[in-house]
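Each remark here refers to the structure printed beneath this line.
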Amino acid sequence: MAWYEIINAKSDSYIADRDAEDMLRQLATALQTADDPVETEVFYGLTSNGARRYYVSLSLEAVELAERVLASYDARELTAPPDLTGMEQIRRR
């Protein structure tokens, strides 16, 4: 599994809500094109500055399908799984 971190806008912003929903919708659409089920997990929380932080775990097959979405949201690939303490899980497929 590959892990990615995406930092979004401030949490109290309407634009941040809209962007987060759009990101998740684009990610789900990209992953639905897979011939076989792919494994994904999405977690969210806030940074110390109040920005939204998402951690996305993707199987290798899912990474290929989601490349465009990850690039458009400036996802940073992590070298190790993140500490998910205090994070909320959004989706597991």
Practice item. Report LEU31's accessible area, 1.4 Å probe, all protein chains in place, as a number in Å² to the nearest 10. Key: 10
Check your understanding: Once you charge only the Cβ atoms, +1 for Lys and Arg and -1 for Asp and Glu, what is the size of the charge dipole of the chain about its Cα centre, to the nearest 20 debye?
Key -> 280
**Study point:** GNM top mover of THR47, THR79, THR29 - the chain, alpha-carbon springs below 10 Å
**Key:** THR79
Review point. Which one of ARG68, ARG18, ARG76 has the biggest mean-square fluctuation once the chain is modelled by GNM with Cα springs under 10 Å?
Key: ARG18
Revision key, fill the gap. In a Gaussian network model of the chain with springs linking alpha carbons closer than 10 Å, the residue among ASP74, ASP35, ASP22 that fluctuates most is ASP35
Practice item. Based on alpha-carbon positions alone, could you give the equivalent ellipsoid semi-axes of the chain from the gyration tensor, as √(5λ), descending, whole Å? Key: 21, 15, 11
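The values are calculated or read from the model by the stated rules, or taken from the named source; none is laboratory data. Everything numeric here is computed off the predicted structure, so don't read it as measured data. Every residue, glycine as well, gets a Cβ built from its backbone with ideal geometry; the counts of neighbours run over all protein chains shown. To get the accessible areas, we keep the full protein, side chains included, count just its heavy atoms, and leave off ligands, DNA and RNA. Shrake-Rupley method; radii C 1.70, N 1.55, O 1.52, S 1.80 Å.
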